[in-house]
Amino acid sequence: MTPELRRLSGLLGRTLVALDFDGVLSPIVPDPASAVALPGTADVLTAVAARVARVAVVTGRPAADAVRLGSLAGVPGLVVLGHYGLQRWSDGTLSTPASDDGVEVARRRVAELAAARPGVTVEDKHHSVALHTRSAADPAAALAELRPHADAVASEAGLQVTPGRFVLELRPVGVDKGVAIRSLVAETGAAAILYAGDDLGDLPAVTAVRELASSGAIDAGLVVCSDAKEASAELRAAADVVVPGPPGVQELLSELAALD
């Protein structure tokens, strides 16, 4: 048994388990559209859902995509917050707001940026748009060169830029995983949180967990880093537990489901 899980002992029925999708439930792949959850994921989440207050997936992906790619539709009580909380999938129902006007402006501009840079691709998430440099000859250098251009587009469109693994995502201001976590805690009345992520976009969730715990709003918080391919060094340093990618997350969740 992972020792850190013991801090959730006695609180399991009031625990929120919130998980990123890519790099946590699904191995990282070059093409995001090809990602699938690790085999057995739905079964493990079903076992966890029977023990805790709520299981949620909090992802930058569209919520319905995470449900489909993860084969998660049958997990009882599962909530999937897509686009960092802008979308919500629950009990087979998807609720989604209208797209921010600024995203349409950014969509045109980032397409121009990508077209002028070999190996740079655009991922259109409807509520946001992302520039990927993973396929560039030097992904890190391409990301650094693109950053000021992405910042300029975001400023013009009234959006914010969120960096990740060889990606710059332009999305509405004030939307992040920390806000999503706080909303889930308010909704469930959770007394404890287990949050698992792997990337820079998960850091606002970590901050939310720490602040909720330090303020006494929850009794315990546990941050897990899925040390998957290209995992964030910042998240690794901030985590209470580091596990070896999605297989390690799955093992940890199985231990959680068996916690006394």
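Can you confirm whether the stretch 30-39 contains a residue that is part of a loop (DSSP other than H, G, I, E, B), hydroxyl-bearing (S, T, Y), modelled with pLDDT under 95 and assigned by TED's automatic domain parsing to the domain that holds D198? Before you say what the answer is, go through the steps one by one.
Taking the stretch 30-39 and keeping what is part of a loop (DSSP other than H, G, I, E, B), we get 30-31, 35-39.
Imposing the further condition that a residue be hydroxyl-bearing (S, T, Y) reduces the set to none.
No, the stretch 30-39 has no match at all.
Please indicate, with yes or no, whether at least one residue in the stretch 78-95 is of a type outside the set (V, I, T), under 20 Å from T188 (Cα atoms), modelled with pLDDT of 95 or more and assigned to a loop (DSSP other than H, G, I, E, B). Yes, the stretch 78-95 contains a residue that is of a type outside the set (V, I, T), under 20 Å from T188 (Cα atoms), modelled with pLDDT of 95 or more and assigned to a loop (DSSP other than H, G, I, E, B). Quick check on my filter: what residues within the stretch 101-146 are at positive phi and under 22 Å from the mean Cα position of the chain (by Cα)? H126, the sole residue that qualifies.
Any residue at all in the stretch 90-97 that is touching a residue at least 24 places away in the same chain (Cβ under 8 Å) and crowded, with 19+ Cβ neighbours inside 10 Å? The answer is no, given that none of the residues of the stretch 90-97 is touching a residue at least 24 places away in the same chain (Cβ under 8 Å) and crowded, with 19+ Cβ neighbours inside 10 Å. Within the bounds of the stretch 98-108, is there any residue that is modelled with pLDDT of 90 or more, touching a helix residue (DSSP H, G or I) at 6+ places or on another chain (Cβ under 8 Å) and not assigned by TED's automatic domain parsing to the domain that holds P204? So far as the stretch 98-108 goes, yes, one or more of its residues are modelled with pLDDT of 90 or more, touching a helix residue (DSSP H, G or I) at 6+ places or on another chain (Cβ under 8 Å) and not assigned by TED's automatic domain parsing to the domain that holds P204.
The values are calculated or read from the model by the stated rules, or taken from the named source; none is laboratory data. Everything numeric here is computed off the predicted structure, so don't read it as measured data. We place every Cβ from the backbone using ideal geometry, glycine too, and count neighbours over all the protein chains shown.
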